[in-house]
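S.K.: Below you will find the structure I want to go over with you.
The values are calculated or read from the model by the stated rules, or taken from the named source; none is laboratory data. Note that the structure is predicted; figures quoted are calculated from it, not measured. Positions of Cβ are backbone-derived with ideal geometry, glycine not excepted, and every protein chain shown enters the neighbour counts. Calculation scope for accessible area: heavy atoms of the full protein, side chains included, ligands and nucleic acids excluded. Shrake-Rupley method; radii C 1.70, N 1.55, O 1.52, S 1.80 Å.
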Amino acid sequence: MNNFEVYDLLRYFHNAKKKDGTLFPILGEDSLALTTSLSYLLEDTNFCIKAYSGTGKTVLMEAIINLLPPEYVYTVEHMSETAIWYDEEKINKARFICIPEAQKIPEGIMEIIKTWADGRTATRKVTDVTGRFKLPRTQQLHPKYVLMAVAVENDKGSAMFDAELERRCMIMHTNPTVKQTERVIKHKLLYSASPRTTMSSMKDSDVKKLQKHLITAVRERDEDDATVLKNPCAPFLFNAIPSAFPVARSKVQYLLRLINAIARFYPNEIIRTKIKGITYGLVSPKHNWLGLRIYLNSFVEECLHMPSHGTDILKLFPDTRLDKFGFADSETVKMSEGELKKAAKAAGLPFTKLRPVIAGLLMTGFIELDDDGKRKLYYKSPLINEPVAKINWSDLIEETKNFTRENWPKVADEYIGRCCSSVKIIDPFNGNNLELGERAKTAIDVEDGSYPDVFKSAKDAKHRSYADFLLKAEGDYNEEEDNAVRTYYQKS
């Protein structure tokens, strides 16, 4: 298999194309794109993208599905409750199920999805009226893993996505901030004004190799004697889990599945051993670091039952500091409901009814209320940052070594030598080279890695001169893009 990095998967999304070959990049949704594709494709996780209409749910889903051969996927479009049963054969042959607008599907189909999520086959009895004797027969839809998108402003969709279904899905939201809105609008305006472009910083041949890489990983997972993954680092991730909230008991599986999916993306790095006929594969500290880097913040928000898009409202408040008595200090910023509405509007958040979101944030302890009888003022709870504990990676690696020696003695030396001695990582968001060691950075404290828009990677932006850029640039630049880079160096 090719030596791909997760960063290459992100590059694919940044260079996503429509079916006609036109470049249509997915920008500003890096964590969502990586978490969805890895968890859904490589670890069989039911996944739901919840967002407002027009925020890129369908585009992202299409990009993920385009990584697979057409016969691997069955797409559920608008249909009646019984229509899905007429495609029994197609569905049972498909490897993945995609539902672009899940809020529009009937309740009967949603019940099938819930049945699949429990690992059970959906069945119904029908009478064959075409024959002479009208014999009854049983139809079966075997368990499938589903990728869904839901428009949160649709009341019907919200009603159908009850707690019973949500606990069976990994859920994430698109980015509705004003910065993301501006990014999307600028792209669409440029697209409407420019000739059709197929130029990208990732060659079609590289995309095909990436597709082959992922398909091979899926097939290896489907084998009868597939490797059973075990994570020696898992016991030492405890500080990152918001254990004060019972829902973490079920949600932690999604974090662990993503880490496993990342390990499957790097099959040559998995240390394998056979015990009583079962092949086990050991997940490395690198895979754990990447999993937390990609998903930790969203995982914590989901564990704490953050109300839909409550994260975006929470960002309107500055952080609250504690005074020496353990209370919010005197400089805490407090906002009325009216001020919150103005701030949300200024930030480009598409809220019309803010009160239910505020009530949800209050109930879950994310914001607190100061009510003097005349005016209600809200402020960010000073305690909400606590669950996102920083992991000391040098300590984690040492603890993992001891755990492996005790529990996996046959491969302990190989695992420690290959996975724990010098842990080199390419950051999945910016392509920077990192190394875990005594001064290891935490997965949530890595530098931003943002760079000027004229460049196609963080590495390209680090060249000191235009001449150096011409010699060493890793991205593919057309004439117009090259002129933009030259102008950038001239100005700087």
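S.K.: How many residues does segment 218-234 hold that are farther than 30 Å from E71 by Cβ and either at pLDDT below 85 or not in a helix (DSSP H, G or I) (or both)?
M.R.: 4
S.K.: Of all residues in segment 261-294, which are outside any helix (DSSP H, G or I), closer than 18 Å to P235 by Cα and touching a helix residue (DSSP H, G or I) at 6+ places or on another chain (Cβ under 9 Å)?
M.R.: Result: G281, L282, V283, S284.
S.K.: So the check is Cβ under 9 Å with 6+ separation or different chains; which pairs have a first residue in segment 205-220 that's more than 11 Å from F4 (Cα to Cα) and a second one that's among the β-branched types (V, I, T)?
M.R.: Cβ pairs passing all conditions: E220/T227.
S.K.: If I filter segment 174-217 down to residues being open to solvent by 50 Å² or more (accessible area, probe 1.4 Å), small (G, A, S) and more than 20 Å from E479 (Cβ to Cβ), which single residue comes out as modelled with the lowest pLDDT?
M.R.: Among those that are open to solvent by 50 Å² or more (accessible area, probe 1.4 Å), small (G, A, S) and more than 20 Å from E479 (Cβ to Cβ), it is S192.
S.K.: Across segment 411-429, which residue is most open to solvent (accessible area, probe 1.4 Å) among those that are at pLDDT below 95 and in a loop (DSSP other than H, G, I, E, B)?
M.R.: S421
S.K.: Can you tell me which residues in segment 52-104 are open to solvent by less than 10 Å² (accessible area, probe 1.4 Å) and in contact (Cβ under 8 Å) with a residue 60 or more places away in the chain?
M.R.: L60, M61, I64, L67
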